[in-house]
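Enquirer: Here it is: the structure, laid out below.
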Amino acid sequence: MSTQPLPAPAPPDAPEPELETFRERMIRKSRAEPLIPVGMALTVFALTGAIIQSRRRNPTSMNHWLRARIVAQGLTIAIVVAYAYRVIPARPADGPLPPSPAAARANADAEDERRAFATRLRAAEEEHAAFESARTAGSAAGPAATPPAHPVGVSSAPTEKGRTDTQDTGKGRSGWASWLGWR
């Protein structure tokens, strides 16, 4: 059980905050941005005209009304963007805005991934250098050094052009050809 005292109740004569109704808010927003409701009304008008022409089985006129709807909707979106551009404050003169906490975490995670990749790359380069030195020492002394193990189903045999082919050998059910149902 908490030992903290309960908060004091509000005095009985304190005014209760008034909540704005949907209608009041719609009127207030329409007065602040009068072109948006006009664009919405034009869009609905054009859509209604297209539906009526569709019911009358008049495809040419219906297509004209649908084109009018697209124009009205595009103008409405342009108006919304213009109002938003007017409302959004400009970037500070001293530089870009600071990153959000989520962006900072994402940047930190990306940096951790880069460091881990660099570590894996260094280890692979060291392993490759050791392999190459063992191979060159083995070719001078006798039998060749064994290459590192390849994944199952991958061949490293030289092709007719002399390059090493590391593609799927096609054994089993793996490979893109079996995904397409060709095998």
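The values are calculated or read from the model by the stated rules, or taken from the named source; none is laboratory data. From a predicted model like this one, the values you see are computed outputs, not experimental measurements. As a convention, Cβ positions derive from the backbone with ideal geometry for all residues, glycine included, and neighbour counts pool all protein chains shown.
Enquirer: Looking at the structure I just gave you, is Thr76 at pLDDT 90 or above, part of a helix (DSSP H, G or I), exposed (fewer than 10 other Cβ atoms within 10 Å of the Cβ) and out of contact with any Cys (no Cβ under 8 Å at 6 or more places or on another chain)?
Expert: Taking the combined requirement at face value, the residue does not satisfy it.
Residue-wise test of (1) within 25 Å of Lys29 (Cα to Cα); (2) assigned to a helix (DSSP H, G or I); (3) modelled with pLDDT of 95 or more; (4) under 29 Å from the mean Cα position of the chain (by Cα).
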site: Met62; (1), (2), (3), (4): no, yes, no, no
site: Leu66; (1), (2), (3), (4): no, yes, no, no
site: Val80; (1), (2), (3), (4): yes, yes, no, yes
site: Tyr83; (1), (2), (3), (4): yes, yes, no, yes
site: Arg86; (1), (2), (3), (4): yes, yes, no, yes
site: Pro99; (1), (2), (3), (4): no, no, no, yes
site: Ala103; (1), (2), (3), (4): no, yes, no, yes
site: Ala108; (1), (2), (3), (4): no, yes, no, yes
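Enquirer: Then there's this: Among (1) out of contact with any Leu (no Cβ under 6 Å at 6 or more places or on another chain); (2) at pLDDT 70 or above, which single condition is Gly39 missing?
Expert: Here Gly39 clears every test but (1).
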